[in-house]
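*Asks:* Structure provided below as structure tokens; questions to follow.
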Amino acid sequence: MELKQFRRIAKALADPRRYEILSRIAAKKEMACVDMRCVLPISPATLSHHVKELENAGLIEVRKEARFVHMKLCRKVWKEYLAQLAKL
């Protein structure tokens, strides 16, 4: 894993809310944003911001279907990040 991506992931996960969002996404094969909104007390704009940060870090894939957005953990990237972290 490149250092640049490692840093982006670390920065994204430094926010407790983003870590919580990632944990909820990881617990399922795929999760719709509307379902995430039902379990988290945050505005749609705030959720959108956090999702964008996780996507930019390469941690999640976002798929749009009509009006709905679905999120999925990029398990390969997550495993690479954990392996790099274990080297510290």
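The values are calculated or read from the model by the stated rules, or taken from the named source; none is laboratory data. Just so you know, these numbers come straight off a predicted model, no measurement behind them. Cβ placement follows ideal geometry from the backbone for every residue including glycine, while neighbour counts extend to all protein chains displayed.
*Asks:* Report whether or not Val39 is exposed (fewer than 13 other Cβ atoms within 10 Å of the Cβ), farther than 21 Å from Arg7 by Cβ, touching a residue at least 12 places away in the same chain (Cβ under 8 Å) and among the aliphatic types (A, V, I, L, M).
*Replies:* Considered against the rule, which asks whether it is exposed (fewer than 13 other Cβ atoms within 10 Å of the Cβ), farther than 21 Å from Arg7 by Cβ, touching a residue at least 12 places away in the same chain (Cβ under 8 Å) and among the aliphatic types (A, V, I, L, M), Val39 comes out as yes.
*Asks:* Here are the criteria: (1) within 16 Å of His70 (Cα to Cα); (2) touching a residue at least 24 places away in the same chain (Cβ under 8 Å); (3) assigned to a helix (DSSP H, G or I). Tell me which single one Ile9 does not satisfy.
*Replies:* With respect to (1) within 16 Å of His70 (Cα to Cα); (2) touching a residue at least 24 places away in the same chain (Cβ under 8 Å); (3) assigned to a helix (DSSP H, G or I), Ile9 is out only on (1).
*Asks:* Just a yes or no: is a residue in the range 44-66 in a loop (DSSP other than H, G, I, E, B) and touching a strand residue (DSSP E or B) at 6+ places or on another chain (Cβ under 6 Å)?
*Replies:* No, every residue in the range 44-66 fails to be in a loop (DSSP other than H, G, I, E, B) and touching a strand residue (DSSP E or B) at 6+ places or on another chain (Cβ under 6 Å).
*Asks:* Could you pull out the residue among Lys72, Lys79 that is in a helix (DSSP H, G or I) and at pLDDT 95 or above?
*Replies:* Just a single option satisfies the conditions, and that option is Lys79.
*Asks:* Just to be sure before I move on: is Lys4 part of a loop (DSSP other than H, G, I, E, B) and loosely packed, with under 15 Cβ neighbours inside 10 Å in the structure I sent?
*Replies:* Answer is no for this residue.
*Asks:* Show the residue pairs that are 6+ apart or on different chains and have beta-carbon atoms under 6 Å apart, the first residue being within the range 64-77 and under 10 Å from Ala32 (Cα atoms), the second being assigned to a loop (DSSP other than H, G, I, E, B).
*Replies:* His70/Glu30; Lys72/Glu30
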